[in-house]
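For reference, the structure is listed below as structure tokens.
Here, each number is a calculation from the coordinates, and none is a lab measurement. Quantities reported herein were computed from a predicted structural model and do not represent experimental measurements. Ideal geometry is used to build each Cβ from the backbone, glycine not excepted, and the neighbour counts take in all protein chains shown.
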Amino acid sequence: MVAAMSATTAPLTMAERAALASDLAAWITDAGGEIKSLRVYPFGCAIVLHVGGNEAGVDACADLLSLGKPDEHAAFYERAGTVRGLSVAVYSSRSKPVCTCIAGCHHAAVTA
């Protein structure tokens, strides 16, 4: 699994990226997460996971991978960070749409 991989800082080959992506996917699904899609980019050193469960699904995966905080204004709910020198992003749809007001927003005070 991810914890057992070496801590080298050399750039990962495409085969190593694919292996890391496979390990991350297995780790997430073993923890009860649902992966809707997985992309491993050959350029830019990135793995992107689309997970189910809206914000809760992303937060569960991000907590497993120690990813950063979400962007509160992005259309998708996404948390990103670095795993073994590789950019990793986990995202899903949002349970509620993001407010697009520019000023004087009152939506946070409105309950559904």
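The table that follows gives values for the structure above.
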| read-out | value |
| --- | --- |
| For segment 20-104: span of alpha carbons on each principal axis (Å, largest first) | 45, 29, 20 |
| Highest-first arrangement of 49-55, 31-37, 82-88, 65-71, where packing means the average Cβ count within 10 Å | 49-55, 82-88, 65-71, 31-37 |
| DSSP-assigned coil residues among chymotrypsin sites (Phe, Trp or Tyr not before Pro) in segment 27-97, each with at most 16 further Cβ atoms within 10 Å | PHE43, PHE76 |
